[in-house]
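Q: Just passing along the structure, written as structure tokens.
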Amino acid sequence: MPAIEWLSDISLPVFGESVIGKFDNDLTKNARRNGEPIGERIKVYGKVMDEYGRPLPNVLIEIWQANAAGRYIHKAEIHDAPLDPNFLGGGRMLTDSGGKYQFYTIKPGAYPWGNHFNAWRPNHIHFSVIGHQLSHRLVTQMYFPGDPLFEFDPIFKSVPSPARDLLISKFSMDMTDPEFALAYEFNLVLNGKYKTPFE
Ligand SMILES: [Fe+2]
């Protein structure tokens, strides 16, 4: 069928394997130019679920983040910290049949953002999740356990306190790759009482 006819026929978002590149879920590799990115390698993994804890397969997860120095690549960036020629800070993948995902990346640095005097964002990774229902969409941020900046960050504190823990990943020694990368688990729930908050 000609592509244009096929496109007019679809009624759902189309995220096939064909649009995901081999290294799209490995931010330590997907922008290499002349070496490895600088910083602490980490693994970020988890599961995407509905309100009943059922896994959601084939959900598109996109992440974006600052580099190890706390610097984003985009033009509006004002933070005086070095860019990394081997790191772009963007990745994406589809969840597998068990709703699972896994990225390798570099731990993002904290950065100042000018919202108020001495304003610093805690280390975080932005997440976008697009599933196959209107209610299966989410934009949020993943944080790291024990960050001293939590109590000073109006964005983190904009989430009601009982739900803030849902935005903080959990360190996992079991899932850590020996001699390679620490692991952080971040599960996403798209509906219901334990829904991951928007951020
Ligand atoms: Fe950010």
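The values are calculated or read from the model by the stated rules, or taken from the named source; none is laboratory data. Model, not experiment: these values are computed from the prediction. Methodologically, a virtual Cβ is constructed for each residue, glycine included, from the backbone with ideal geometry; neighbour enumeration extends over all protein chains shown. Heads up: the accessible areas ignore ligands, DNA and RNA and are worked out on the full protein's heavy atoms, side chains in. Shrake-Rupley method; radii C 1.70, N 1.55, O 1.52, S 1.80 Å.
Q: Enter the accessible area of Asp177 (Å², nearest 10), with the probe set to 1.4 Å and all protein chains included.
A: 30 Å²
Q: Considering the options Ala31, Phe87, Leu188, tell which one lies farthest towards the positive end of the dipole of the chain, charges being +1 on Lys and Arg and -1 on Asp and Glu at the Cβ, about the Cα centre.
A: Farthest towards the positive end: Leu188.
Q: Convert each backbone phi in the stretch 153-159 into a coupling constant with the Karplus relation 6.51 cos²θ - 1.76 cosθ + 1.60 (shift: θ = phi - 60°), then list the ³J(HN,Hα) values in order as whole Hz, x for Gly and Pro.
A: 9, x, 6, 4, 6, 6, 7
Q: Sticking with this structure for a sec: With a 1.4 Å probe and every protein chain kept in, tell me what percent of the accessible surface of the stretch 68-158 is carbon plus sulfur.
A: It is 60 percent, rounded to a whole number.
Q: Continuing with this model, one more query. Quick one: of the DSSP bridges fully inside the chain, what percent are antiparallel, nearest 5?
A: Once the DSSP bridges in the chain are tallied, antiparallel ones form about 80 percent.
Q: Can you work out the base-10 log of I(q)/I(0) for the stretch 97-199 at q = 0.10, 0.17, 0.18, 0.24 1/Å, using the Debye formula on its C-alpha atoms alone?
A: Values, matching the q order: -0.32, -0.88, -0.98, -1.42.
Q: I would also like to ask the following. Quick one: compute the contact order of the stretch 11-133, relative version, from alpha carbon pairs under 8 angstrom and 6+ residues apart, as a percent.
A: Details: 263 pairs, mean separation 42.6, N = 123.
After rounding, I find 35 percent.
Q: At what distance in nm do the modelled label points of Thr176 and Ser161 sit from each other, each positioned 7 Å from its Cα along Cα→Cβ?
A: 3.1 nm
Q: On to the next question. Rounded to the nearest 0.05, what FRET efficiency is calculated for Lys22 and Lys193 with R0 set to 45 Å and r the Cβ-Cβ distance?
A: Numbers: r = 38 Å, r/R0 = 0.84.
Rounded to the nearest 0.05, the efficiency is 0.75.
Q: Return the subset of Lys107/Lys195; Lys29/Lys195; Lys75/Lys100; Lys29/Lys157; Lys47/Lys193 for which the Cα-Cα distance in this structure is over 28 Å, preserving the input order.
A: Exceeds cut-off: Lys29/Lys195; Lys75/Lys100; Lys29/Lys157.
Q: Give the Rg/Rh ratio for the chain, taking Rg as the radius of gyration of the Cα atoms and Rh as the Kirkwood radius, to two decimals.
A: Rounded to two decimals, Rg/Rh equals 0.98.
Q: When only Cα pairs under 8 Å and 6 or more residues apart are kept, what is the percent relative contact order across the stretch 68-199?
A: Averaging sequence separation for qualifying contacts and normalising by length gives 17 percent for the stretch 68-199.
Q: With a 1.4 Å probe and all protein chains left in place, how much accessible area per residue does the stretch 35-178 have, in Å²?
A: Solvent-accessible surface per residue comes out at 50 Å².
Q: So, one more: Can you give the helix-only mean residue ellipticity at 222 nm for the chain, where every DSSP H stretch with n ≥ 4 adds -39500 (n - 2.57) and the sum goes over all residues, rounded to the nearest 500 deg cm²/dmol?
A: Rounded to the nearest 500, it is -1500 deg cm²/dmol.
Q: Also: So who's got an amide H within less than 5 Å of the one on Ala183, skipping anything under 5 residues away but keeping other chains? H placed 1.01 Å off N, in plane.
A: Excluding prolines and chain starts, which carry no amide H, the hits are Lys43, Ser172, Thr176, Asp177.
Q: Moving on to the next point. Starting from the amide H of Asn58, placed 1.01 Å from N in the peptide plane, find each other amide H under 5 Å away whose residue is 5 or more places distant or on another chain.
A: So Asn58 has HN proximity to Thr95, Asp96, Gly99.
Q: Shifting gears a bit: Below 12 angstrom from the Cβ of Ile42, what's the summed charge of the other residues (Lys, Arg +1; Asp, Glu -1)?
A: Once positives and negatives cancel, what remains is -1.
Q: Mind jotting down a quarter of the surface of the convex hull over the alpha carbons of the stretch 84-134, in square nanometres, one decimal?
A: Here the figure is 5.8 nm², rounded to one decimal.
Q: I would also like to ask the following. Please report the relative contact order for the stretch 64-138, taking Cα pairs under 8 Å with a sequence separation of at least 6, and give it as a percent rounded to a whole number.
A: 30 percent
Q: From the phi of every residue in the stretch 175-192, what ³J(HN,Hα) in whole Hz does the Karplus formula 6.51 cos²θ - 1.76 cosθ + 1.60 yield, where θ is phi - 60° and glycine or proline is x?
A: Each residue's phi maps through the Karplus curve to give 8, 5, 7, x, 6, 9, 7, 5, 10, 10, 9, 9, 8, 10, 10, 8, 8, x Hz.
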